[in-house]
Amino acid sequence: MNGLSEPSKDGRFGDFGGRFVPETLVPACLELEQAFHEAWTDTSFRAELTRLQRDYAGRPSILTECHNLSRQLGIRLILKREDLNHTGSHKINNVLGQALLAKRMGKKRFIAETGAGQHGVASATAAALLGLDCKVYMGAVDVERQALNVFRMRLLGAEVEAAQSGSRTLKDAVNEAMRDWVASVEHSYYCIGSVMGPHPYPYMVRQFQSVIGDEARQQVRELTGGDPDVVTACVGGGSNAIGIFSGFVDTHARLVGVEPAGGAAVGRGVPGVVHGMKSFLLQNEEGQVLEAHSISAGLDYPGVGPEHSYLASIRRAEYPSVTDAEVIAGFQLLSRSEGIIPALECAHVVAWIAREAHAMQGQTVLMNLSGRGDKDVAQMMTLLGPALDAARQ
């Protein structure tokens, strides 16, 4: 049912994507491309993935109507509840697929990068389940602000290494993970967490995440009798957004990917090459990558998946941005209106919906709630705790 187009033979979506890697990694990418193609067309592989998604991750994820917030905003807001998956986000969809692929390829070691920690937790979880050694690279800044997820990864048996270079955030964790892969490619599998990197990763991760859109399309039609007017999700690398967009790209639905104002690669970037792909990228006139900023560790990335760049270039999807202050307000709004604490990544989408609701009156808005906010509570407690205490007094 996936309505998104196939990439070209060299892994491009229009002018974006490709495979920009050192010669030492070209054979590894080609090996991975062939292995994924064989696995994806193998009914036994797909059946095992479906079984794990159902019996281990808890799929299908449900829809939740936000009756209180809908009345307040004048829209019909429906959430796709990826936050209810095992490990707390959409990341498990992709990681289970890649972990099965690693086993199929005979790899013993699982490498991952992570920003907010959700992909790292999912990778450590799948590695524990399938008997793989796991190493997760995480920016030193993110290690501090996501200490709970660091502990979860270590509890699950993964080694976590803090990236100390550059901005010490997600970009730098990706750099370290790719260096590791270059040095250990014969026995290691690099599990990229989003629709980014060299081909076949953007396509492969999209296929693993398309389960979100496939489910949501059927569920929304059963609930409402038709397709939503708006389908929206947060965008850093963009895997949760491309996952839900895949179910609606061939409908009339407006596709909206919400970026952080300090990391708006589509909104403020220009075409460039980073981490093995050509895509929109924050860079200066000399081509140096600029530092991204977001209150959310998971969106703190200067680039975006190449398929999102393509969808933006053909005007099929739009990519507005919101500020950190709006995100904090959105985080509180969903919590207080519906009793659902969103991940800070998802609070970007709540913020955009609240800001633009006046222009969507009476419309049905489907939001991908890609992660729950447990991981962000300590961070938000330092920001909101004093104000909440003062209000209580």
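Below, the figures for the structure above:
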item: Pairs with Cβ under 6 Å, 6+ apart, first in the range 43-62 and part of a helix (DSSP H, G or I), second open to solvent by less than 20 Å² (accessible area, probe 1.4 Å); result: Phe45/Ala39; Leu49/Gly97; Leu52/Leu96; Gln53/Arg59; Ala57/Asn85; Ala57/Ile92
item: Some residue of the range 78-92 being under 30 Å from Ala359 (Cα atoms), open to solvent by 20 Å² or more (accessible area, probe 1.4 Å) and not hydrophobic (A, V, I, L, M, F, W, C); result: yes
item: Qualifying residue in the range 305-324 (condition: more than 15 Å from the chain's Cα centre (by Cα), open to solvent by 30 Å² or more (accessible area, probe 1.4 Å), modelled with pLDDT under 95 and closer than 28 Å to Val143 by Cβ); result: no
item: Test: Ser370 is polar (S, T, N, Q), open to solvent by less than 10 Å² (accessible area, probe 1.4 Å) and within 18 Å of Gly238 (Cα to Cα); result: yes
item: Positions within the range 17-36 being surrounded by 13 or more Cβ atoms within 10 Å (Cβ to Cβ) and of a type outside the set (Lys, Arg), in sequence order; result: Gly17, Gly18, Phe20, Val21, Leu25, Ala28, Cys29, Leu30, Leu32, Glu33, Ala35, Phe36
item: Residue within the range 328-342 that is under 26 Å from Gly166 (Cα atoms) and either part of a helix (DSSP H, G or I) or not hydroxyl-bearing (Ser, Thr, Tyr) (or both) present; result: no
item: Residue match in the range 71-83 (condition: in contact with a helix residue (DSSP H, G or I) (Cβ under 6 Å, 6 or more places away or on another chain) and assigned to a helix (DSSP H, G or I)); result: yes
item: The range 208-256, residues that are basic (Lys, Arg) and surrounded by fewer than 18 Cβ atoms within 10 Å (Cβ to Cβ); result: Arg221, Arg254
item: Filter result for the condition that a residue is touching a residue at least 60 places away in the same chain (Cβ under 8 Å), open to solvent by 50 Å² or more (accessible area, probe 1.4 Å) and at negative phi, over Ala351, Ala378; result: Ala378
item: Filtered residues of the range 104-147 (kept if touching a Phe, Trp or Tyr at 6+ places or on another chain (Cβ under 9 Å), closer than 16 Å to Glu161 by Cα and either open to solvent by 20 Å² or more (accessible area, probe 1.4 Å) or in a helix (DSSP H, G or I) (or both)); result: Arg109, Gly120, Ser123, Ala124, Asp133, Lys135
item: Subset tally (residues that are closer than 21 Å to Ala297 by Cα and part of a helix (DSSP H, G or I)) for the range 233-277; result: 12
item: Qualifying residue in the range 22-36 (condition: modelled with pLDDT of 95 or more and either closer than 28 Å to Ala354 by Cβ or not in a helix (DSSP H, G or I) (or both)); result: no
item: The range 148-171 - residue that is in a helix (DSSP H, G or I) and buried (at least 23 other Cβ atoms within 10 Å of the Cβ) and, of those, nearest to the chain's Cα centre (by Cα); result: Leu170
item: Residue match in the range 278-288 (condition: closer than 17 Å to Ala233 by Cβ and among the aliphatic types (A, V, I, L, M)); result: no
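The values are calculated or read from the model by the stated rules, or taken from the named source; none is laboratory data. Keep in mind it's a predicted model, so treat the numbers as computed, not measured. Neighbour counts run over all protein chains shown; Cβ positions are idealised from the backbone, glycine included. Just so you know, the surface numbers come from the protein's heavy atoms only, side chains and all, with ligands and any DNA or RNA stripped out. Shrake-Rupley method; radii C 1.70, N 1.55, O 1.52, S 1.80 Å.
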